[in-house]
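Colleague: Input: one structure, supplied below.
The values are calculated or read from the model by the stated rules, or taken from the named source; none is laboratory data. It should be emphasised that the depicted structure is a prediction, and the values quoted were computed from it without experimental measurement. Don't worry about glycine lacking a Cβ; one is built from the backbone with ideal geometry, like all the others, and counts go over all protein chains shown. Heads up: the accessible areas ignore ligands, DNA and RNA and are worked out on the full protein's heavy atoms, side chains in. Shrake-Rupley method; radii C 1.70, N 1.55, O 1.52, S 1.80 Å.
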Amino acid sequence: MDALTREADSILREDRNGKPFLGEKRQAVLGFIEKRPLLTNLITDDRIYQPIEDLLGSGFMWVGSDGNLYVGDTAWHSDSRADPMEYDYTRIKVAMYLEPVSKETGCLRVIPGSHLPPLHEELEPMRNLRRMQSDYSGKTESVREISKSDGDHAPNPEPFGVAPSEMPGFSLESLPGDVVLFNQRLWHSSFGGRTGRRMFTLNFGQKPTTAEHIEVVKMVYEASLAAAQKMQHTWTDQLYTDRFLTSIEPRIKNMMAVPLELGLR
Amino acid sequence: MLTTEQIAHFNTFGFIVVRQLFSEEEMIPLTKEFDDVLANARDNKPFDGKERQSVQPFVENRELLTQMVEDDRIFITLEQLLGPGFLWAGSDGNLYVGDTQWHADRLQGDGDHLPWDLGSIKVCLYFDPVDANTGCLRVIPGTHRREFGERLESIWRNGLGPDDKRYGVPNENLPCASLESRPGDVVFFSQGMCHSSFGGSNGRRMLAMSVLEKPATNEHINFVKRVYSRTNFTFRPAESWVNRNSPRIHGMVGPLLDMGFDISSPT
């Protein structure tokens, strides 16, 4: 973990051109683990690869990765759209926190079972709060303030009658070295984390076998590229590194087969 | 009593905790009544903590506790969640010992279970502060609904014992929500959902009242009759309640008498 952490910190520092992290808003670097061989090795390591294959089946694809310095809370959200098409296509996120996180200090919170209907859909009122947060400072308090100032047009900041931090979630406390795997349709959040909380993710998708799956894959790609362009300090028009796209390592080659076939760069 | 949002919380997750529904001052006499009923049942001997003490029926035996059921804060809340005409199933007061393993009250005897379209609520008052590590109620949100509940059928049909690691973790680490509470809070939860409790101290005090949505179909009515026939206290109105001048109480127990159910004697 020491070595992985050093590499992760160096990538984030490089994205900021060596400037200090100001903590005003989240820094996210996409195509993260692709930038360093030591981090790239994670996805070919049996300890990551085998569980993913067990969960997604053979032929699963690489979706991408990101490294983050978080600011404030992360509002409840699902990484999937509010679209039934997504129920048929599973994506898994592997999260590795580079510092201890607990319920009160920014660990991941999930609502168990919310990757499936009807619970998944019934949580939709929470999605608006995430949209508001992503445009602002990332702090939960700002969402409440925005709701007050927008009056009748504002989404309800407490659609279930409790503060978002009091929603019935399960806290996935972790220490560096722990690995959290979760279905990206799951509603998740985090509260209380310190400014600059470090985490990186590895994202995988099942092998797409239908036109609808392909549509989801392309949509996720477009969204990831847009996020990279918005949240990174360094401009990019490419989600995958050339090294990844041309890798001859068998496991990476297999994982990149679908992106290459679809022309996703 | 409940806001639209709180009702949405209950419908979505299967429970709602109403914080400080009863004030500290109100809890003093309620707690005294609770303790008295249990002490009387032990002939005023100390509780030895070897096994759970449970007294059924419970609230029906005391005027103050009965008034609590008639109180808008309980009655109207239940009406909001279940609709009018809900039935009284019973009540119990408990001194708990040890953990309560994962289960759902949905399961009745002989594999019979609460129909998915029939609501059933347990109302719980804890007389000691309880948190995730000291015996508060833990629930798996959403398991009151068929789609999720059926996926966990092996839990509520067969139970999940302390050494059972079918989900790869010790059962006290199963993902859930912990409903921490302090005296005065009231927990309303769907009895169909998976729930448990871990880490509670011996003698942990809790009062529970159960009600059932007004049966709307023959399946519902037959279910009620089967539960009645299998149990000793459920759906048996107390004599004091049958004779009580209270439309709310009569509304809950009248249909039981109409079904020919026995009246329970005072304890």
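Colleague: Go through B:E147, A:E166, B:E70 and list them by solvent-accessible area, largest first, probe radius 1.4 Å. Could the numbers behind the result be given before it?
Modeller: Numbers: B:E147 100, A:E166 120, B:E70 40 Å².
Solvent-accessible surface, decreasing: A:E166, B:E147, B:E70.
Colleague: Based on the alpha-carbon gyration tensor of region A:205-246 and its eigenvalue square roots a ≥ b ≥ c, which shape applies: rounded if a/c is under 1.5, prolate if not and a/b is larger than b/c, or oblate?
Modeller: Numbers: a/c = 3.62, a/b = 1.64, b/c = 2.20.
Oblate is the answer for region A:205-246, as a/c is 1.5 or above yet b/c matches or exceeds a/b.
Colleague: Run the numbers on region B:112-143: which residues show a drop of 30 Å² or more in accessible area, chain on its own versus all protein chains together, using a 1.4 Å probe over heavy atoms?
Modeller: B:P141
Colleague: Rank A:D73, B:D117 by accessible area, highest first, at a 1.4 Å probe radius?
Modeller: These residues rank, largest area first, as B:D117, A:D73.
Colleague: Would you list which aspartates and glutamates come within 16 Å of A:K207, measuring only between C-alpha atoms, while excluding same-chain residues fewer than 8 positions from it?
Modeller: Result set, ordered by chain and number: A:E53, A:D54, A:E86, A:D88, A:E215, A:E261.
Colleague: Same structure, new question: So what is the diffusion coefficient of region B:125-198 in µm² per second by Stokes-Einstein at 25 °C and 0.890 mPa s, using a Kirkwood Rh over Cα pairs? Let's see the in-between values first.
Modeller: Values: Rh = 13.1 Å.
After rounding, the answer is 188 µm²/s.
Colleague: Also, quick follow-up: Tell me, what is the percent relative contact order of region B:2-106, built from C-alpha pairs under 8 Å that lie six or more residues apart? Let's see the in-between values first.
Modeller: On the way: 64 pairs, mean separation 33.3, N = 105.
Over region B:2-106, the number comes to 32 percent.
Colleague: Ok, one more. Taking 7 Å along the Cα-to-C-beta vector as the label spot, tell me the B:F47-A:A211 distance in nanometres, rounded to one decimal.
Modeller: A separation of 6.5 nm, rounded to one decimal place.
Colleague: Under a Cβ-Cβ cut-off of 10 Å, what is the net charge of the residues other than B:R248 that fall near it, where Lys and Arg count +1 and Asp and Glu count -1? Before the final figure, lay out the partial values.
Modeller: Working: positive: B:R244; negative: B:E70, B:D71, B:D72, B:E79.
So the surrounding residues net to -3.
Colleague: Here's something else I'd like to know. What FRET efficiency do you get for A:R265 and A:E24 if R0 is 30 Å and r is their Cβ-Cβ distance, rounded to the nearest 0.05? Don't skip to the end; give the middle numbers.
Modeller: On the way: r = 31 Å, r/R0 = 1.03.
Once the sixth-power term is evaluated, E becomes 0.45.
Colleague: Could you check the spin-label model distance between B:S54 and B:N158? Points 7 Å from the Cα along Cα→Cβ, value in nm.
Modeller: Computed distance between label sites B:S54 and B:N158 equals 2.3 nm.
Colleague: Given a Förster distance of 30 angstrom, what is the FRET efficiency for A:L38 paired with A:E104, based on the Cβ-Cβ distance and rounded to 0.05? Working shown, then result.
Modeller: On the way: r = 31 Å, r/R0 = 1.05.
For A:L38 and A:E104, the calculated efficiency is 0.45.
Colleague: Rounded to the nearest 20 debye, what is the charge dipole size of the protein assembly as shown about its Cα centre when +1 sits on each Lys and Arg Cβ and -1 on each Asp and Glu Cβ? Provide the component values of the computation, followed by the final result.
Modeller: Numbers: 58 positive and 75 negative charges, 202 e Å.
Here the protein assembly as shown has a charge dipole of around 980 debye.
Colleague: At 7 Å along the Cα-to-beta-carbon direction for both A:A82 and B:D258, put a label point, then send me their distance in nm to one decimal.
Modeller: Spacing of the two 7 Å Cα→Cβ label points: 4.1 nm.
Colleague: List the aspartates and glutamates whose Cα sits under 18 Å from the Cα of A:K230, skipping any in the same chain fewer than 8 residues away.
Modeller: Straight-distance partners of A:K230: A:E14, A:D15, A:E24, A:D66, A:D79, A:D135, A:E222.
Colleague: Next up: Quick one: accessible surface of B:R146, probe radius 1.4 Å, all protein chains present, in square angstrom to the nearest 10.
Modeller: 120
Colleague: Place a label point 7 angstrom from the Cα of B:D72 along the Cα-to-Cβ direction, then list the residues of region B:2-39 whose backbone nitrogen is under 16 Å away.
Modeller: The answer is B:2-4, B:21-23.
Colleague: For A:S10 and B:D128, what does the FRET efficiency come to when R0 = 56 Å and r is the distance between their Cβ atoms, rounded to the nearest 0.05?
Modeller: 0.60
Colleague: Rolling a 1.4 angstrom probe over the protein chains, ignoring ligands and nucleic acids, what is the accessible area of B:H250 in square angstrom, nearest 10?
Modeller: Here the residue's solvent-accessible area equals roughly 80 Å².
Colleague: With the contact rule set at Cα under 8 Å and sequence spacing of 6 or more, what percent relative contact order holds for chain A?
Modeller: Relative contact order, chain A: 34 percent.
Colleague: Another question about this same structure. Using a 1.4 Å probe and counting only protein heavy atoms, arrange B:R145, A:R47 so the residue with the most accessible area comes first. Show your work: numbers first, answer last.
Modeller: Values: B:R145 70, A:R47 190 Å².
Reading off the accessible areas and sorting them downward yields A:R47, B:R145.
Colleague: Need the C-alpha centroid separation for region B:181-225 versus region B:1-54, integer Å.
Modeller: Cα centroid to Cα centroid, the span is 11 Å.
Colleague: Could you tell me whether chain B comes out rounded, prolate or oblate from its Cα gyration tensor? Rule is a ≥ b ≥ c as square roots of the eigenvalues, rounded for a/c under 1.5, then prolate if a/b exceeds b/c, otherwise oblate. List each step's numbers first, then the result.
Modeller: Values: a/c = 1.37, a/b = 1.11, b/c = 1.24.
Rounded is the answer for chain B, as its axis ratio a/c remains below 1.5.
Colleague: Classify region B:108-267 as rounded, prolate or oblate from the Cα gyration tensor: take a ≥ b ≥ c as the square roots of its eigenvalues, call it rounded if a/c is under 1.5, otherwise prolate when a/b beats b/c and oblate if not.
Modeller: Numbers: a/c = 2.24, a/b = 1.43, b/c = 1.57.
The shape class here is oblate.
Colleague: Rounded to whole Å and sorted largest first, list the principal axis extents of the Cα atoms in the protein assembly as shown.
Modeller: 83, 50, 44
Colleague: Count the lysine pairs in chain B whose Cα atoms lie under 26 Å apart, taking only pairs 8 or more positions apart in sequence or on different chains. Before the final figure, lay out the partial values.
Modeller: Working: B:K32/B:K45; B:K32/B:K50; B:K32/B:K122; B:K50/B:K122; B:K122/B:K214; B:K122/B:K225; B:K214/B:K225.
Number of lysine pairs found: 7.
Colleague: OK, next. Which helices, counted as full DSSP H runs in chain A, have an axial Cα extent of no less than 18 Å and a Kyte-Doolittle average of 0.0 or above? Write out the running numbers ahead of the final one.
Modeller: Values: long enough: A:2-15 (20 Å, -0.88); A:211-231 (30 Å, 0.31).
Helices meeting the span and hydropathy rule in chain A are A:211-231.
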